[in-house]
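Each value in this text was obtained by applying a stated rule to the coordinates, not by laboratory testing. All figures in this text were calculated on a predicted structure; none of them were measured in a lab. As a convention, Cβ positions derive from the backbone with ideal geometry for all residues, glycine included, and neighbour counts pool all protein chains shown.
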Amino acid sequence: MLGDSTYNTLTSFEPWVLSYSLSAVLLQSSGLFAEQSYDMYLISKAHSQNKKMEGLDTLETQLDILQYGNWDEQVSFLKDGIKSIQNITEEITDLVSLYEAYLSADPEVFTAIYGEEIENEIAQNPLYKPYYKKMFDERNKKWADKIADYLKQGGKTFIFAGTGHFTGDNSVFSFMRKNGTLQK
C-alpha cells in the first residue's frame with residue numbers, strides 16, 4: 001500500500017516524529033497554519049524591534065515533551081494519530097471548534113471544549129494522563145514560579161504561551177494563586 005521506498009523512509013524515524021507529522025497533516029487540512037499564529041507574529045515583532053526573548057521552558061524540556069514516552073508508548077500515540085487521520089473530517093471539526101472557542105475570548109467555553117478533548121483522549125488511552133501531567137501541570141507550576149521571579153525583578157515583561165496553560169484547575173494562574181503571586 002505504501003510502497004517499499006515510502007515504508008523504508010518512514011521506518012527510519014522514531015514514532016514520535018511520525019505522530020507530529022500526522023498532526024501537521026491535520027493542521028494543514030484544517031486551513032489553520034502555524035505560520036499565521038499569534039506566537040509567530042509576536043516572535044517576528046520582537047525580532048524586528050530587537051527585543052530580548054527567553055523561553056519559559058528550556059529546549060530540553062520542549063524536546064522531552066515532543067519525544068515523550070518509551071518506544072511502545074510512542075507507538076500507541078502514533079496509532080491514535082493514525083485513527084484520527086482516518087476520521088479527519090471529525091478531527092478538523094473539533095480543531096476548528098477549539099479555534100473558534102479561543103477566538104471567542106471566553107475562557108469557560110475554551111476550557112470546556114479543551115478539557116473535554118483531553119478527558120476523551122485519556123478515556124481512550126490512559127497513557128495520555130501522565131503525558132498531560134508533564135505537558136501542563138508540571139510546566140505550569142514551573143512557569144508560575146518563573147513568572148513570580150519576573151515580578152520580583154520589576155520592569156516590563158510580556159509573556160505569551162498556549163491558551164491551554166491558562167485554563168483549568170492546574171493552570172499557570174491557579175499555581176500563581178497557590179504561590180501567592182496572583183490574588184484570588
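Tabulated data
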{"quantity": "When residues of segment 54-103 are limited to those that are within 17 Å of the chain's Cα centre (by Cα) and aromatic (Phe, Trp, Tyr), the one surrounded by the fewest Cβ atoms within 10 Å (Cβ to Cβ)", "calculated": "Tyr99"}
{"quantity": "Residue that is in a helix (DSSP H, G or I), over 18 Å from Gly168 (Cβ atoms) and among the aliphatic types (A, V, I, L, M), where the choices are Val109, Val96", "calculated": "Val96"}
{"quantity": "Set Lys134, Lys152: member being closer than 30 Å to Ser29 by Cβ and part of a helix (DSSP H, G or I)", "calculated": "Lys134"}
{"quantity": "Filtered residues of segment 70-88 (kept if under 30 Å from Asp145 (Cβ atoms) and in a helix (DSSP H, G or I))", "calculated": "Glu73, Gln74, Phe77"}
{"quantity": "Matching residues in segment 69-100 - criterion: being under 17 Å from Ile113 (Cα atoms) and of a type in the set (A, V, I, L, M, F, W, C)", "calculated": "Ile92, Leu95, Val96, Leu98"}
{"quantity": "Residues within segment 40-69 that are assigned to a loop (DSSP other than H, G, I, E, B) and touching a residue at least 40 places away in the same chain (Cβ under 8 Å), tallied", "calculated": "5"}
{"quantity": "Search result, residues across segment 59-75 that are touching a helix residue (DSSP H, G or I) at 6+ places or on another chain (Cβ under 9 Å), of a type outside the set (D, E, K, R) and within 22 Å of Arg139 (Cβ to Cβ)", "calculated": "Thr61, Ile65, Leu66, Gln67, Tyr68, Gly69, Gln74"}
{"quantity": "Residue that is farthest from Ser84 (Cα to Cα) [pool: residues in segment 12-39 that are in a helix (DSSP H, G or I) and of a type in the set (A, V, I, L, M)]", "calculated": "Ala34"}
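Yes or no, residue by residue, for (1) touching a Leu at 6+ places or on another chain (Cβ under 9 Å); (2) of a type in the set (Ser, Thr, Tyr); (3) without any contact (Cβ under 8 Å) to a residue 40 or more places away in the chain:
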position: Tyr102; (1), (2), (3): no, yes, no
position: Gly115; (1), (2), (3): no, no, no
position: Leu127; (1), (2), (3): no, no, no
position: Lys134; (1), (2), (3): no, no, no
position: Arg139; (1), (2), (3): yes, no, no
position: Trp143; (1), (2), (3): yes, no, no
position: Lys146; (1), (2), (3): yes, no, no
position: Gln153; (1), (2), (3): no, no, yes
position: Phe160; (1), (2), (3): yes, no, no
